[in-house]
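A.B. asks: One structure follows; several queries about it will come next.
The values are calculated or read from the model by the stated rules, or taken from the named source; none is laboratory data. Note that this is a predicted model, so its numbers are computed, not measured. Ideal geometry is used to build each Cβ from the backbone, glycine not excepted, and the neighbour counts take in all protein chains shown.
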Amino acid sequence: MRLHYKGVYNLEPDSLPQRPHRPGGIPFKEAKDTRTLSIIGNVLGAVIIALLLVSAIFRGKSTFDTFQMILGCVLPMAVLLPHELLHAACFRKDVYLYTNLRQGMLFVVGPEDMSKARFLLMSLLPNIVFGLIPYAIGMALPNMALSAFGAICTGMGAADYYNVFNTLTQVPNGAKIYASGFNSYWYLPK
(Lines give C-alpha, C1' and ligand atoms only; values in the text may rest on other atoms or scores of the structure.)
Protein backbone atom coordinates (compact mmCIF):
# COMPACT_ATOMS: atom_id res chain seq x y z
CA MET A 1 0.00 0.00 0.00
CA ARG A 2 1.25 3.46 -0.89
CA LEU A 3 -0.53 6.23 1.00
CA HIS A 4 -0.75 9.68 -0.61
CA TYR A 5 -2.02 12.60 1.49
CA LYS A 6 -3.99 14.88 -0.82
CA GLY A 7 -5.07 17.52 1.71
CA VAL A 8 -8.44 19.22 1.86
CA TYR A 9 -10.98 17.77 -0.55
CA ASN A 10 -12.18 20.57 -2.87
CA LEU A 11 -15.70 19.06 -3.26
CA GLU A 12 -15.03 18.35 -6.96
CA PRO A 13 -15.58 14.62 -7.65
CA ASP A 14 -13.43 14.87 -10.78
CA SER A 15 -10.42 15.76 -8.61
CA LEU A 16 -10.54 12.33 -6.93
CA PRO A 17 -8.57 9.43 -8.44
CA GLN A 18 -10.29 8.16 -11.58
CA ARG A 19 -9.82 4.90 -13.40
CA PRO A 20 -11.17 3.45 -16.62
CA HIS A 21 -14.36 1.58 -15.97
CA ARG A 22 -14.31 -2.18 -16.17
CA PRO A 23 -16.47 -3.78 -18.85
CA GLY A 24 -19.84 -4.38 -17.26
CA GLY A 25 -19.07 -2.04 -14.35
CA ILE A 26 -22.24 -1.12 -12.50
CA PRO A 27 -22.34 1.97 -10.26
CA PHE A 28 -23.54 1.55 -6.70
CA LYS A 29 -26.88 3.15 -5.94
CA GLU A 30 -25.39 5.54 -3.38
CA ALA A 31 -24.98 9.17 -2.40
CA LYS A 32 -23.69 11.10 -5.39
CA ASP A 33 -21.79 13.77 -3.45
CA THR A 34 -20.10 14.34 -0.09
CA ARG A 35 -22.87 16.64 1.12
CA THR A 36 -25.48 13.89 0.83
CA LEU A 37 -23.09 11.30 2.29
CA SER A 38 -22.24 13.70 5.12
CA ILE A 39 -25.93 14.12 6.01
CA ILE A 40 -26.53 10.35 5.92
CA GLY A 41 -23.39 9.64 7.94
CA ASN A 42 -23.90 12.37 10.52
CA VAL A 43 -27.58 11.58 11.17
CA LEU A 44 -26.97 7.81 11.33
CA GLY A 45 -23.86 8.38 13.45
CA ALA A 46 -25.74 10.57 15.94
CA VAL A 47 -28.44 7.91 16.33
CA ILE A 48 -25.87 5.13 16.86
CA ILE A 49 -23.90 7.21 19.38
CA ALA A 50 -27.04 8.19 21.31
CA LEU A 51 -28.30 4.59 21.53
CA LEU A 52 -24.93 3.21 22.61
CA LEU A 53 -24.25 6.00 25.12
CA VAL A 54 -27.67 5.64 26.72
CA SER A 55 -27.06 1.89 27.03
CA ALA A 56 -23.62 2.53 28.54
CA ILE A 57 -25.00 5.05 31.03
CA PHE A 58 -27.70 2.61 32.17
CA ARG A 59 -25.19 -0.23 32.34
CA GLY A 60 -22.69 1.77 34.37
CA LYS A 61 -25.06 3.97 36.37
CA SER A 62 -23.77 2.60 39.68
CA THR A 63 -20.19 3.48 38.65
CA PHE A 64 -20.88 6.61 36.59
CA ASP A 65 -17.90 8.97 36.60
CA THR A 66 -18.21 12.36 34.90
CA PHE A 67 -14.45 12.58 34.23
CA GLN A 68 -14.49 9.15 32.56
CA MET A 69 -17.46 10.18 30.43
CA ILE A 70 -15.71 13.39 29.30
CA LEU A 71 -12.51 11.46 28.60
CA GLY A 72 -14.43 8.88 26.58
CA CYS A 73 -16.08 11.64 24.55
CA VAL A 74 -12.86 13.55 23.80
CA LEU A 75 -10.48 10.66 22.97
CA PRO A 76 -12.26 9.60 19.74
CA MET A 77 -10.89 12.75 18.09
CA ALA A 78 -7.41 11.24 18.54
CA VAL A 79 -8.30 8.24 16.38
CA LEU A 80 -9.70 10.07 13.35
CA LEU A 81 -6.46 9.64 11.42
CA PRO A 82 -5.72 6.09 12.69
CA HIS A 83 -9.28 5.15 11.64
CA GLU A 84 -8.50 6.18 8.06
CA LEU A 85 -5.09 4.51 8.19
CA LEU A 86 -6.78 1.19 9.04
CA HIS A 87 -8.97 1.62 5.96
CA ALA A 88 -5.85 2.40 3.92
CA ALA A 89 -4.03 -0.70 5.23
CA CYS A 90 -6.59 -2.87 3.42
CA PHE A 91 -5.44 -1.59 0.02
CA ARG A 92 -2.57 -3.18 -1.88
CA LYS A 93 -1.78 -0.33 -4.26
CA ASP A 94 -2.15 3.46 -4.16
CA VAL A 95 -4.59 4.94 -1.69
CA TYR A 96 -5.36 8.64 -1.25
CA LEU A 97 -6.26 10.37 2.03
CA TYR A 98 -8.45 13.49 2.01
CA THR A 99 -9.84 15.75 4.72
CA ASN A 100 -13.23 17.41 4.55
CA LEU A 101 -13.68 18.73 8.07
CA ARG A 102 -16.29 21.27 6.98
CA GLN A 103 -18.64 18.33 6.37
CA GLY A 104 -17.22 16.31 9.27
CA MET A 105 -15.30 13.76 7.20
CA LEU A 106 -11.89 12.29 6.55
CA PHE A 107 -11.76 9.60 3.91
CA VAL A 108 -9.53 7.41 1.80
CA VAL A 109 -10.04 6.46 -1.84
CA GLY A 110 -8.25 3.71 -3.69
CA PRO A 111 -9.13 2.90 -7.30
CA GLU A 112 -8.01 -0.75 -7.22
CA ASP A 113 -10.20 -3.83 -7.62
CA MET A 114 -11.23 -5.51 -4.37
CA SER A 115 -13.14 -8.67 -3.65
CA LYS A 116 -16.48 -8.17 -1.92
CA ALA A 117 -15.05 -9.70 1.27
CA ARG A 118 -11.98 -7.41 1.30
CA PHE A 119 -14.16 -4.36 0.60
CA LEU A 120 -16.38 -5.28 3.56
CA LEU A 121 -13.31 -5.82 5.77
CA MET A 122 -11.83 -2.50 4.63
CA SER A 123 -15.12 -0.75 5.46
CA LEU A 124 -15.54 -2.33 8.90
CA LEU A 125 -12.00 -2.81 10.28
CA PRO A 126 -11.55 0.59 11.98
CA ASN A 127 -15.05 0.44 13.43
CA ILE A 128 -14.38 -2.96 14.96
CA VAL A 129 -10.94 -2.00 16.31
CA PHE A 130 -11.79 1.44 17.69
CA GLY A 131 -15.55 1.08 18.20
CA LEU A 132 -17.09 -2.31 18.85
CA ILE A 133 -14.22 -3.93 20.76
CA PRO A 134 -13.68 -1.03 23.22
CA TYR A 135 -17.45 -0.64 23.61
CA ALA A 136 -17.91 -4.34 24.41
CA ILE A 137 -15.03 -4.30 26.91
CA GLY A 138 -16.32 -1.09 28.48
CA MET A 139 -19.79 -2.58 28.86
CA ALA A 140 -18.41 -5.82 30.32
CA LEU A 141 -16.26 -4.12 32.99
CA PRO A 142 -18.22 -1.57 33.21
CA ASN A 143 -15.90 1.32 32.37
CA MET A 144 -17.56 4.56 31.31
CA ALA A 145 -14.51 6.01 29.51
CA LEU A 146 -14.08 2.89 27.38
CA SER A 147 -17.84 2.55 26.75
CA ALA A 148 -18.17 6.21 25.68
CA PHE A 149 -15.02 5.99 23.54
CA GLY A 150 -16.33 2.83 21.82
CA ALA A 151 -19.82 4.29 21.36
CA ILE A 152 -18.53 7.44 19.68
CA CYS A 153 -15.99 5.56 17.53
CA THR A 154 -18.73 3.15 16.46
CA GLY A 155 -20.98 6.04 15.47
CA MET A 156 -18.13 7.81 13.64
CA GLY A 157 -18.13 4.89 11.19
CA ALA A 158 -21.70 5.49 10.01
CA ALA A 159 -20.67 6.29 6.43
CA ASP A 160 -18.75 3.00 6.43
CA TYR A 161 -21.93 1.12 7.45
CA TYR A 162 -23.68 2.82 4.54
CA ASN A 163 -21.00 1.31 2.24
CA VAL A 164 -21.49 -2.09 3.87
CA PHE A 165 -25.26 -1.87 3.41
CA ASN A 166 -24.87 -0.93 -0.25
CA THR A 167 -22.40 -3.76 -0.81
CA LEU A 168 -24.54 -6.40 0.89
CA THR A 169 -27.72 -5.34 -0.91
CA GLN A 170 -26.33 -4.59 -4.39
CA VAL A 171 -23.19 -6.62 -5.06
CA PRO A 172 -23.44 -10.32 -5.96
CA ASN A 173 -20.97 -12.86 -4.61
CA GLY A 174 -17.89 -13.23 -6.78
CA ALA A 175 -18.02 -9.59 -7.90
CA LYS A 176 -15.12 -7.17 -7.70
CA ILE A 177 -15.54 -3.62 -6.39
CA TYR A 178 -13.59 -0.51 -7.31
CA ALA A 179 -13.81 3.24 -6.81
CA SER A 180 -13.57 5.83 -9.52
CA GLY A 181 -13.98 9.40 -8.43
CA PHE A 182 -16.46 9.67 -5.59
CA ASN A 183 -18.45 6.56 -6.50
CA SER A 184 -18.06 2.81 -6.17
CA TYR A 185 -18.69 0.27 -8.91
CA TRP A 186 -18.92 -3.50 -9.12
CA TYR A 187 -18.47 -5.98 -11.93
CA LEU A 188 -18.36 -9.74 -12.39
CA PRO A 189 -14.92 -10.82 -13.64
CA LYS A 190 -14.85 -13.24 -16.56
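A.B. asks: With respect to SER180, is the statement that it is crowded, with 23+ Cβ neighbours inside 10 Å and not aliphatic (A, V, I, L, M) true?
C.D. replies: The answer is no for SER180.
A.B. asks: Within region 47-55, can one find any residue that is surrounded by 13 or more Cβ atoms within 10 Å (Cβ to Cβ), among the polar types (S, T, N, Q) and touching a Gly at 6+ places or on another chain (Cβ under 7 Å)?
C.D. replies: no
A.B. asks: Tell me yes or no: at least one residue of region 95-104 is touching a Pro at 6+ places or on another chain (Cβ under 6 Å) and closer than 29 Å to GLN170 by Cβ.
C.D. replies: yes
A.B. asks: On to the next question. Determine which single condition THR167 fails, assuming it passes every other condition in (1) crowded, with 18+ Cβ neighbours inside 10 Å; (2) of a type in the set (S, T, N, Q); (3) more than 12 Å from GLY72 (Cβ to Cβ); (4) at pLDDT below 95.
C.D. replies: Going through the list (1) crowded, with 18+ Cβ neighbours inside 10 Å; (2) of a type in the set (S, T, N, Q); (3) more than 12 Å from GLY72 (Cβ to Cβ); (4) at pLDDT below 95, THR167 breaks only (4).
A.B. asks: Which residue out of ALA175, ALA140, ALA117 is at pLDDT 95 or above and out of contact with any helix residue (DSSP H, G or I) (no Cβ under 8 Å at 6 or more places or on another chain)?
C.D. replies: Exactly one of ALA175, ALA140, ALA117 is at pLDDT 95 or above and out of contact with any helix residue (DSSP H, G or I) (no Cβ under 8 Å at 6 or more places or on another chain), namely ALA117.
A.B. asks: Would you call LEU16 in contact (Cβ under 8 Å) with a residue 60 or more places away in the chain, surrounded by 13 or more Cβ atoms within 10 Å (Cβ to Cβ) and of a type outside the set (Gly, Ala, Ser)?
C.D. replies: Yes: the conditions hold for LEU16.
A.B. asks: Here's something else I'd like to know. Among what's in region 18-53 and is more than 12 Å from GLN103 (Cβ to Cβ) and of a type in the set (D, E, K, R), pick the residue that is nearest to the chain's Cα centre (by Cα).
C.D. replies: Per the criteria, the residue is GLU30.
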